[in-house]
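Take a look at the structure set out below.
The values are calculated or read from the model by the stated rules, or taken from the named source; none is laboratory data. Everything numeric in this text was worked out from a predicted model, so none of it was measured. We place every Cβ from the backbone using ideal geometry, glycine too, and count neighbours over all the protein chains shown. Heavy atoms of the whole protein, side chains included, go into the accessibility calculation; ligands, DNA and RNA do not. Shrake-Rupley method; radii C 1.70, N 1.55, O 1.52, S 1.80 Å.
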Amino acid sequence: MELEDGRFELREIQKLEGHTDRVWSLAWNPVTGVAGIPYVFASCSGDKTVRIWEQSPSTASWECKAVLEDTHTRTVRSCAWSPSGKLLATGSFDATTAIWENVGGDYECVSTLEGHENEVKSVSWNASGTLLATCARDKTVWIWEGEQGNEFDCVAVLQGHTQDVKMVQWHPTMDILFSCSYDNTIKVWADEGGDDDWACVQTLGEPNNCAGFLVSGHSSTVWALSFNHSGDKMVTCSDDLTLKIWGVDTISAQSANGYAPWRHLCTISGYHDRTIFSVHWSREDIIASGAADDAIRFFVENKDKDGLVDGPLYKLLMKEEKAHDMDVNSVQWSPGEKRLLASASDDGTIKIWELAPVSC
Amino acid sequence: MSEKFSPTLRIGDLSDFIAPSQACIVSLKGLKSSSSNPSANKPEVSTSNQQLKTEPVKISLKDCLACSGCVTSAETIMLEKQSLDEFLSNVNKGKPVIVSLSPQSRASLAVHFGISPLQVFKKLTTLFKSLGVKAVFDTSCSRDLALIETCNEFIAWYKKSQMNDDERCNTSLPMLSSACPGWICYAEKQLGSYILPYISSVKSPQQTIGAIVKNLICQQMDLRPDEVYHVTVMPCYDKKLEASRDDFVFQVESEAKASENEGIKITEVDSVLTSGEVLELIQLKGVDFKALEESPLDRMLTNVTEEGELYGVCGSSGGYAETVFRYAAKLLFGKEIKGPLDFRTIRNSDFREVTLEVEGKTVLKFALCYGFRNLQNIVRKIKIGKCDYHFLEIMACPSGCLNGGGQIKPKPGQSAKDLIQLLETVYMENVLVADPFSNPFVKRLYDEWLEQPGSEKAKRHMHTEYHPVVKSITAQLHNW
């Protein structure tokens, strides 16, 4: 792979307008962009709507195919497709999570999950699509199980975070849930007994209230997290202006039938000077970050350390200044072969980018 | 303090940002001060700045009940009227004190000391009486009365639900049990008017014994109800909130003030001690509990046979589902169920159902539903009209009342699960299983006082009402 030495540029493919308020988040439909199926993704916004965007096979340009409105009564903060691409979950500040089903191109709200006390901040499906996790400002993380007929049962209400939970994310292969919070920590949740006996099995970075000195944990809000393709590494991004890489020993994880402790591998600092809101790890191991300085950055593992033991483990591949006019809230790599990235911003727009080698 | 209330109540406080008027109820330790970095406060939702206060504000449990904010993140709540100190001070003042002991608390102490629940009961009687307590009663006795009222109410609701829509009243099935104060508080504060009509109007065993003691037993013991200090011993902190409800205060006409048309207010239960607090009392008094003499039990309101054996219903959370199921099966379908009921685990061990089939058709469907997650699913199903249960025994705590927040904590090295299993075993140890309808004490209460189940008198003394808590404007603004 030529990521090591080649120079890259970020080509803006298209700027998508339509939302009338800040765009909070976006999600690629995982079964699109492959086998001739045109790319589809969803975006959600402070304008209380969700928009479904599709790439036209003929013109290759992106069009808004559907606007999901009149269901959420406040900001839609987060959206996630089930692994099959059939269901879309959306979490809103109206304290509900809506489940949408794609019925012949029409999106129908088939279920509304109530229970959170206030703003739902994030939604995430597990690898098999049987479990949905949600989190909220109420400091709790909920796990729901899909039943027949699009009914959902609450299987766990997880308390542990001491503040607003910003994001939930399932491990890409195992039924282990990760959550990150305004309390500066990342919590790992597992069903240890196998009887819906979910509990916090690890907290990465304890609250910053004692000596104020923590070697490994974030020192401010953890906004997002993302796994590498194999699931043995995770990146987290924070208001403390750093990205942190965490790792797990996959062999012990498999022998322990799931959970093994995660440990801090390295911290990527010195590159960001404003809050990092979003981070996403690509199949090719390129880490993209979106931040409050309107820029998008890309990091890759530093393989030419020349034997320097203490050399940085990750290096900046490139930085796109002024990627948006305002904060970049979400960056998401596309599925499929292309190196496409979508970004969502407070400026109300979504941009589609292609990361490509500079042609000389 | 907050850790001690049931998880359902604790979850009731879900606000990061407590209005200044509610600042009493949050521990401000470990909160971050506002960052100098502007984007740290990205306005996902607009909120006011948190105010740091150093002095805890005192609030009473009544304030908690009236407040639409949280209840129990209140690490600084002063449980002034509900504490061990208050209990001791009343005993020392020479007030006539009556103690009513729950069977769950007996089990907790029995496991802790490695003795039987009956021994615990007798030893506690010795201990309390040495302090000057007039009588020690048993809430399994009042529970039998509450169960009979619940059976009676269920049959009435069931029959109404079988009528056609025109005749149907505003009550309908499922009936939700009402004995758990954590659940009631959550229903009133968070769920509101759509769920309250489904909740049985029967008072909990605690309030039932409160009503019996203050309305009837006091006179029989030649004590003035307004002077008697009635304390219950419960597995649960939320019971303190329950005892504080205005619904459980009644007025009697005072002889002296009759002309002024003003009665004396009588509180059914003046104070609640948890199992853990009774252990504290034992330690405080420096008593070797296991070596303590065993006094005879006060038979007036205690489920004890002539031979000295304890009796009561099965089911460590009160046996509501089981008792009503057996009664309804017999009364409505003529099916007498012998042997233990076949509760089947549905989702997890805290959600179990039992059904009655007649000619291949399910005619009764009951369930035990413990813990917040299971409660959530039921509540949602009721809201969307997809709940096909006839009766649900709802408890806020996972594993039910034996796992109440007021129970004695596991010993070092003991897991919570192991302790629960031990408690479940000990709970019915040497306790005869008995039908509430054949309880002689309860029969006498009906004969001498309440007439019959569901009578006007029974309704006045043994039933209650629920009130949706209107969200205060500040709470709403803060949730915006």
- Taking into account only those residues within segment A:102-122 that are at positive phi and more than 13 Å from chain B (Cβ to nearest Cβ), which is most open to solvent (accessible area, probe 1.4 Å)? A:G104
- Taking segment B:338-366, which residues are assigned to a strand (DSSP E or B) and either among the charged types (D, E, K, R) or in contact (Cβ under 8 Å) with a residue 40 or more places away in the chain (or both)? B:R344, B:R352, B:E353, B:E357, B:K361, B:K365, B:F366
- So which residues in segment B:324-337 are part of a loop (DSSP other than H, G, I, E, B) and touching a Lys or Arg at 6+ places or on another chain (Cβ under 8 Å)? B:E336, B:I337
- Message: Tell me whether segment A:145-160 contains one or more residues that are part of a strand (DSSP E or B), touching a Phe, Trp or Tyr at 6+ places or on another chain (Cβ under 9 Å) and away from every other protein chain (no Cβ under 14 Å).
- Response: no
- Mind checking which residues of segment B:206-228 are among the basic types (K, R) and either over 27 Å from B:C401 (Cα atoms) or not in a helix (DSSP H, G or I) (or both)? B:R224
- Can you work out which of the residues in segment A:268-279 that are open to solvent by 40 Å² or more (accessible area, probe 1.4 Å) and in contact (Cβ under 8 Å) with a residue 12 or more places away in the chain is nearest to the other protein chains (Cβ to nearest Cβ)? A:R274
- Query: When residues of segment B:265-275 are filtered for being touching a residue at least 60 places away in the same chain (Cβ under 8 Å) and open to solvent by 20 Å² or more (accessible area, probe 1.4 Å), how many remain?
  - Reply: 1
- Members of segment A:324-342 that are open to solvent by less than 30 Å² (accessible area, probe 1.4 Å), assigned to a strand (DSSP E or B) and either over 21 Å from A:V358 (Cα atoms) or within 14 Å of another protein chain (Cβ to nearest Cβ) (or both): A:V328, A:N329, A:S330, A:V331
- Query: Hey, among the residues in segment B:197-247 that are polar (S, T, N, Q) and open to solvent by 10 Å² or more (accessible area, probe 1.4 Å), which one's nearest to B:C180 (Cα to Cα)?
  - Reply: B:S201
- Query: Do we have any residue at all in segment B:404-415 that's in a helix (DSSP H, G or I) and not assigned by TED's automatic domain parsing to the domain that holds B:G276?
  - Reply: no
- Condition met for A:I99 (among the aliphatic types (A, V, I, L, M), facing chain B (nearest Cβ under 9 Å) and closer than 30 Å to A:G33 by Cα): no
- Note on the structure: Going through (1) modelled with pLDDT of 95 or more; (2) in a strand (DSSP E or B); (3) surrounded by 14 or more Cβ atoms within 10 Å (Cβ to Cβ) one by one, A:E12 fails only at (3)
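Let's see how each residue does on (1) within 20 Å of the chain's Cα centre (by Cα); (2) of a type in the set (A, V, I, L, M); (3) open to solvent by 20 Å² or more (accessible area, probe 1.4 Å):
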residue	(1), (2), (3)
A:A27	yes, yes, no
A:P38	no, no, yes
A:S45	yes, no, no
A:I52	yes, yes, no
A:Q55	no, no, yes
A:A60	no, yes, yes
- Sort out which residues of segment A:123-144 are within 9 Å of chain B (Cβ to nearest Cβ) and part of a strand (DSSP E or B), and write them in order of number. A:A136, A:T140, A:W142, A:I143
- Out of the residues in segment B:369-398 that are among the charged types (D, E, K, R) and buried (at least 24 other Cβ atoms within 10 Å of the Cβ), state the one that is farthest from the other protein chains (Cβ to nearest Cβ). B:E393
- So is B:Y186 in the same structural domain as B:D270 (by TED's automatic domain parsing), surrounded by 20 or more Cβ atoms within 10 Å (Cβ to Cβ), hydroxyl-bearing (S, T, Y) and within 20 Å of the chain's Cα centre (by Cα) or not? no
- Item | Enumeration of residues in segment A:63-73 that are surrounded by fewer than 22 Cβ atoms within 10 Å (Cβ to Cβ) and outside any loop (DSSP other than H, G, I, E, B) | A:E63, A:C64, A:K65, A:A66, A:V67
- Message: Regarding segment B:341-349, can at least one residue be identified that is in contact with a Ser or Thr (Cβ under 9 Å, 6 or more places away or on another chain) and more than 10 Å from chain A (Cβ to nearest Cβ)?
- Response: yes
